[in-house]
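Reviewing the structure listed below.
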Amino acid sequence: MAVKGDPRYRIASENRRARHDYFIDETLEAGLILAGSEVKSLRAGHANLTDSYASTMKGELFLINAYIPEYAGAAHFGHDDTRRPRKLLLHKRQVEKLKAAIKREGVTLVPLKLYFNERGIAKVELGLARGKKKTD
């Protein structure tokens, strides 16, 4: 996981609002499939995870509604849809466990951070979250 102040990790985007709106029960790290211009845009620090979540489609997990803008230097070879669903890379056992938790317990998967690990690979930190009430 990305540790604040650790020089090996470079945080591209952080969802600070998630910890305010949800109780985070558990966190896990997942890879994600990105286009080349999306990686360039992330390295420049242009991303927004507010209002995004992870959901299952056809037995796989996808990051929904994460905003990664087009990279200006990519010209006409860049990505078109800035809020497209992006596939998350997890082990099959982890996907099944998360699908069961979402269905049974009424929790949601919220992205907390989008960062590059020490090898330069884009990762997302997901939190298994329960919503807070106004009284909380």
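The values are calculated or read from the model by the stated rules, or taken from the named source; none is laboratory data. What you are looking at is a predicted structure, and each value in this text was computed from that prediction instead of being measured. Note that we place each Cβ from the backbone using ideal geometry, even for glycine, and neighbour counts take in every protein chain shown. Each accessible area value is taken on the protein alone, full model and side chains, heavy atoms only, with ligands, DNA and RNA left out. Shrake-Rupley method; radii C 1.70, N 1.55, O 1.52, S 1.80 Å.
Worth a mention:
- Each part gets one Cα centre, and for the range 113-133 versus the range 15-40 those centres are 3 Å apart.
- Amide hydrogen neighbours beyond the local backbone of Ala12, cut-off 5 Å, H modeled: Leu114, Tyr115, Phe116
- Residue-averaged 222 nm ellipticity for the chain, from DSSP H runs of 4+ at -39500 (n - 2.57), nearest 500: -6000 deg cm²/dmol
- Efficiency of FRET from Cβ geometry, Asn117 and Asp25, R₀ 22 Å, rounded to 0.05: 0.40
- Note on Tyr9 and Asp80: the extension gain reaches 22.8 nm, defined as 0.36 nm multiplied by sequence separation minus the Cα-Cα distance.
- Solvent-accessible area of the chain (1.4 angstrom probe, protein heavy atoms only): carbon and sulfur portion equals 49 percent.
- Between Leu34, Leu42, Leu61, the Gaussian network model of the chain with springs among Cα atoms under 10 angstrom shows the greatest mean-square fluctuation at Leu34.
- For the range 81-133, accessible area per residue (1.4 Å probe, heavy atoms of protein chains only), Å²: 56 Å²
- Loop-located chymotrypsin sites (Phe, Trp or Tyr not before Pro) in the range 54-131 whose Cβ has at most 12 other Cβ within 10 Å (DSSP): none
- Spin-label model distance (nm) - Lys58 vs Arg93, 7 Å beyond Cα toward Cβ: 2.6 nm
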